[in-house]
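I have placed the structure first, in the form of structure tokens, so that the comments after it can refer back to it.
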Amino acid sequence: MENAEKQSQRKKNLKKWSTRISFSASLPEDVSGDFAADSICVVKYSDDPFSDIRESISEMIQSVGIRDWEEMEELVYCYIALNSPEVHQFIEDAFLSLCSSVEHID
């Protein structure tokens, strides 16, 4: 009896899941930075997009080891390409904030 109840519940859940919307994102095909192969795109809802994007960018810079402006431009391009136009100003502000706090980038 317990097995039949589990199967019934799975069927109900499957019906629910089949009507849900799924979000996914992938990097543009022309991205060539070192971070392109191992990066995972994540959908996040935020009450503070500037701080969350700034933190995300900082983590990417550190984990990938971005060392020059060309790599930084590629990273900016990825953030812009993956996000809606409503978020672009937050991305720009976060990058400018990080760049102004960096002592030197070759």
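The values are calculated or read from the model by the stated rules, or taken from the named source; none is laboratory data. Everything numeric here is computed off the predicted structure, so don't read it as measured data. All Cβ positions, glycine included, derive from the backbone under ideal geometry; neighbour counts span all protein chains shown.
Some values worked out for this structure:
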read-out	value
Members of region 27-65 that are at pLDDT 65 or above and polar (S, T, N, Q)	Ser39, Ser46, Ser51, Ser56, Ser58, Gln62, Ser63
Restricting region 82-106 to residues that are touching an Asp or Glu at 6+ places or on another chain (Cβ under 9 Å) and of a type in the set (A, V, I, L, M), the residue that is modelled with the highest pLDDT	Ala94
Close pairs from region 50-73: first within 20 Å of Val87 (Cα to Cα), partner part of a helix (DSSP H, G or I) and β-branched (Val, Ile, Thr), Cβ under 6 Å, at least 6 apart	Ile53/Ile91
Residue in region 60-100 that is surrounded by the fewest Cβ atoms within 10 Å (Cβ to Cβ), counting only those that are hydroxyl-bearing (Ser, Thr, Tyr) and within 19 Å of Ser46 (Cβ to Cβ)	Ser84
Matching residues in region 74-91 - criterion: being among the aliphatic types (A, V, I, L, M) and without any contact (Cβ under 8 Å) to a residue 40 or more places away in the chain	Val76, Ile80, Val87, Ile91
